[in-house]
Amino acid sequence: MTPLNRRTFIQAAGGGAALATLGFPSLVLGAARRVVVVGGGVGGCTAAKYLRKLAPDIAVTLIESKPAYTSCFMSNEVLSGDRTLQSLTFGYDGLRGYGVEVIEDSVVGIDPERKRVQTAGGSRFDYDACIVSPGVGFKWDAIEGYDEQIANQSIPHAWYAGPQTQLLRNQIESMPEGGHVIIVAPPNPFKCPPGPYERASQIALYCKHHKPRAKITILDAKDAFSKQGLYIEGWTKLYGYGTDDSMIQWVSAAQGGAIEGLDASTRTLVGLVEDFQGDVVNIIPPQKANAIAFAADLVDGDWCPVDKRTFESTRHQHIYVLGDASSASKMPKSAYAANSQAKVAAAAIAARFQGKEPGDPTFVNTCYSIVGEDFGISVAAVYSLDAETNSIEPIPGSGGVSPANASPEIRKREVSYAHSWFKNVINDMMK
Ligand SMILES: Cc1cc2nc3c(=O)[nH]c(=O)nc-3n(C[C@H](O)[C@H](O)[C@H](O)COP(=O)(O)OP(=O)(O)OC[C@H]3O[C@@H](n4cnc5c(N)ncnc54)[C@H](O)[C@@H]3O)c2cc1C
């Protein structure tokens, strides 16, 4: 190595000044900053990729417990038979191509004092900033008689795409003609607010062609749901909703839809008013932040409070919580929301490392649902921060739901938009 003399020092400093104006000051100081990302889902992957794009001098390590990501979005299409689980599964090589170090391990603790992440495999990772995007966990004590083992074996939640999605698909396929599918929809807040209703629609799409006398009942802990008017329009057109012969029935909380217990041996759900028995039962349990958020003391109640300008935890400095696990009202818990929040957090971290203030964030969310063949619907919004209330507010007039009673062309186009949205989000987060 050439020793530094006055001339080479000045040259290095000059080069450094040029680098600094390009936005790489930590290279100049010779102190590469390290960001550790916990969870390789939408929020974690997007943040890791965009950090590397914004500031290639930042060393980014992403720790994910699974070898590949299986997307929940579009997983309802597995239930109609329109898609395979394989088509939803993506490896992490794309992220490695951006210089992200990807480690397959589970994070079991985060020490905010030492700024250190601990994994089940016994490794430790020091960080300057830590991003946590672990998704949701389930409240297993909410429905008596329902637990994780039953979910894995016979009554799947399928609220993470994977073996339970396949189990549910197999059960629907082997159900007798005229059989009864019950979906138990959770109380707010939960990931993907329109998801249970899209699920009912996708199961109906399959049954319409293969088991036309089947019935699908949604037992709901709520009295209203996302895109309700558009769903009911679709169900009425496609599945006879509102007639005695309707394939889909929705039982609101006020009508006795809230469920207290399960007898798994007979697939009977115990309601507040009456019991319901199904051939196939899909319980989507009430939700909270995933376990690591509790272990790392990032939670207040069920979710992780954050400063919505940066998504930094209000409980521990230098830890940023994104996506479903965060308390990001008024954004829904969706893939697009997690993707949008990740970019805001990545920009805030890069700015902080450069000694700059974070900017004023805006966010975006679009959510498509496929109600049936050639029948798509959507909701969209652009949001800005109300710094005084630390609330993310939709900008008036920036979005809304797709029009009621739209033409068949519009409905068909929304299905193709949904599929291209899926490709775009996957590309943006990890390719
Ligand atoms: C049926 C269904 C349909 C949906 N459809 C849509 C849709 O159409 N549009 C939309 O926008 N959203 C949709 N969503 C919601 C979307 O999937 C989530 O909102 C989104 O994935 C949230 O991203 P995230 O980063 O918070 O969590 P996730 O994407 O769930 O990623 C969390 C990751 O963290 C990992 N992890 C957890 N704990 C640890 C740990 N301790 N150590 C290491 N890794 C860990 C997990 O393995 C996982 O890979 C749907 C969801 C469902 C269930």
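The values are calculated or read from the model by the stated rules, or taken from the named source; none is laboratory data. Computed from a prediction, not measured in an experiment: that's the story for all the values here. Positions of Cβ are backbone-derived with ideal geometry, glycine not excepted, and every protein chain shown enters the neighbour counts.
Scan the stretch 412-426 and report the pairs whose first residue is farther than 11 Å from residue 369 by Cα and whose second residue is within 11 Å of the ligand (Cβ to nearest atom) and assigned to a helix (DSSP H, G or I), with Cβ atoms within less than 7 Å and a gap of 6+ or a chain change.
425/335; 425/336; 425/339
One residue is enough: does the stretch 397-420 have a residue meeting the conditions of a type in the set (Gly, Ala, Ser), under 18 Å from the mean Cα position of the chain (by Cα) and either in a strand (DSSP E or B) or not assigned by TED's automatic domain parsing to the domain that holds residue 50 (or both)?
Among the residues of the stretch 397-420, not one is of a type in the set (Gly, Ala, Ser), under 18 Å from the mean Cα position of the chain (by Cα) and either in a strand (DSSP E or B) or not assigned by TED's automatic domain parsing to the domain that holds residue 50 (or both), which makes the answer no.
Could you check the stretch 147-172 and list, in sequence order, the residues that are of a type in the set (A, V, I, L, M) and either assigned to a helix (DSSP H, G or I) or in contact with a strand residue (DSSP E or B) (Cβ under 6 Å, 6 or more places away or on another chain) (or both)?
Those that are of a type in the set (A, V, I, L, M) and either assigned to a helix (DSSP H, G or I) or in contact with a strand residue (DSSP E or B) (Cβ under 6 Å, 6 or more places away or on another chain) (or both): 150, 151, 155, 161, 167, 168, 172.
Kindly check whether there is at least one residue in the stretch 94-106 that is within 16 Å of the ligand (Cβ to nearest atom), among the aromatic types (Phe, Trp, Tyr) and modelled with pLDDT of 95 or more.
For the stretch 94-106, residues within 16 Å of the ligand (Cβ to nearest atom), among the aromatic types (Phe, Trp, Tyr) and modelled with pLDDT of 95 or more: absent.
Among the residues of the stretch 173-193, are any away from the ligand (no atom under 12 Å from the Cβ), more than 20 Å from the chain's Cα centre (by Cα), hydroxyl-bearing (Ser, Thr, Tyr) and part of a loop (DSSP other than H, G, I, E, B)?
No, the stretch 173-193 has no match at all.
Report yes if some residue within the stretch 68-85 is among the aliphatic types (A, V, I, L, M) and either assigned by TED's automatic domain parsing to the domain that holds residue 165 or free of Cβ contacts under 8 Å to residues at least 40 places away in the same chain (or both); otherwise report no. Please lay out each step first, then the result.
So the first thing to find is which residues in the stretch 68-85 are among the aliphatic types (A, V, I, L, M), and the list is 68, 74, 78-79, 85.
Imposing the further condition that a residue be either assigned by TED's automatic domain parsing to the domain that holds residue 165 or free of Cβ contacts under 8 Å to residues at least 40 places away in the same chain (or both) reduces the set to 68.
Yes, the stretch 68-85 has at least one match.
Considering the stretch 41-50 alone, what residues qualify as being near the ligand (Cβ under 6 Å from one of its atoms) and either among the acidic types (Asp, Glu) or closer than 20 Å to residue 115 by Cα (or both)?
Correct list: 44 only.
Just checking, does the stretch 275-289 include any residue being under 22 Å from the mean Cα position of the chain (by Cα), closer than 18 Å to residue 36 by Cβ and outside any strand (DSSP E or B)?
So far as the stretch 275-289 goes, no, none of its residues is under 22 Å from the mean Cα position of the chain (by Cα), closer than 18 Å to residue 36 by Cβ and outside any strand (DSSP E or B).
Just one of 187, 196 is surrounded by fewer than 19 Cβ atoms within 10 Å (Cβ to Cβ) and within 28 Å of residue 325 (Cβ to Cβ); which is it? Please lay out each step first, then the result.
Details: 196 fails: surrounded by fewer than 19 Cβ atoms within 10 Å (Cβ to Cβ).
None of the others qualify; the one that does is 187.
Within the stretch 327-341, can you find the residues that are within 10 Å of the ligand (Cβ to nearest atom), among the small types (Gly, Ala, Ser) and touching a Ser or Thr at 6+ places or on another chain (Cβ under 8 Å)?
335, 338
Kindly establish whether residue 373 is touching a residue at least 60 places away in the same chain (Cβ under 8 Å), of a type in the set (D, E, K, R) and touching an Asp or Glu at 6+ places or on another chain (Cβ under 6 Å).
So residue 373 does not fit the description; no.
Yes or no: the stretch 236-246 includes at least one residue that is part of a helix (DSSP H, G or I), over 24 Å from the mean Cα position of the chain (by Cα) and free of Cβ contacts under 8 Å to residues at least 60 places away in the same chain.
Here is the first cut: in the stretch 236-246, the ones part of a helix (DSSP H, G or I) are 236-239.
Adding the requirement that they be over 24 Å from the mean Cα position of the chain (by Cα) leaves 236-239.
Right, trim to free of Cβ contacts under 8 Å to residues at least 60 places away in the same chain and you get 236.
Checked against the condition, which is being part of a helix (DSSP H, G or I), over 24 Å from the mean Cα position of the chain (by Cα) and free of Cβ contacts under 8 Å to residues at least 60 places away in the same chain, the stretch 236-246 yields at least one hit.
Run down 324, 300, 374, 307 and say which single residue is over 15 Å from residue 50 (Cβ atoms), within 14 Å of the ligand (Cβ to nearest atom) and acidic (Asp, Glu).
324 is the lone residue from the list that is over 15 Å from residue 50 (Cβ atoms), within 14 Å of the ligand (Cβ to nearest atom) and acidic (Asp, Glu).
Looking at 314, 266, 310, which one is among the β-branched types (Val, Ile, Thr) and touching an Asp or Glu at 6+ places or on another chain (Cβ under 8 Å)?
Unique residue meeting the criteria: 314.
Being out of contact with any His (no Cβ under 7 Å at 6 or more places or on another chain), away from the ligand (no atom under 11 Å from the Cβ), closer than 15 Å to residue 424 by Cβ and modelled with pLDDT of 95 or more, is that true of even one residue in the stretch 344-363?
No, the stretch 344-363 has no match at all.
Filtering the stretch 58-87 down to residues that are in contact with a Cys (Cβ under 8 Å, 6 or more places away or on another chain) and of a type in the set (A, V, I, L, M, F, W, C), which residue is farthest from the ligand (Cβ to nearest atom)?
Here the residue is 62.
Just checking, how many residues over the stretch 107-139 are within 12 Å of the ligand (Cβ to nearest atom), in a strand (DSSP E or B), small (Gly, Ala, Ser) and surrounded by 15 or more Cβ atoms within 10 Å (Cβ to Cβ)?
1
Got a number for residues in the stretch 196-228 being within 16 Å of the ligand (Cβ to nearest atom) and either β-branched (Val, Ile, Thr) or in a helix (DSSP H, G or I) (or both)?
13
Would you be able to tell me the number of residues in the stretch 386-406 that are in contact with a strand residue (DSSP E or B) (Cβ under 6 Å, 6 or more places away or on another chain) and in contact (Cβ under 8 Å) with a residue 60 or more places away in the chain? Let's see the steps before the verdict.
Step one: list which residues in the stretch 386-406 are in contact with a strand residue (DSSP E or B) (Cβ under 6 Å, 6 or more places away or on another chain), which gives 386, 392-395, 398-399, 401-402.
Going one step further and asking which of them are in contact (Cβ under 8 Å) with a residue 60 or more places away in the chain, we end up with 392-394, 401-402.
Qualifying residue count for the region: 5.
Which one of 164, 153, 149 is farther than 20 Å from residue 294 by Cα and buried (at least 18 other Cβ atoms within 10 Å of the Cβ)?
After ruling out the rest, the residue left standing is 164.
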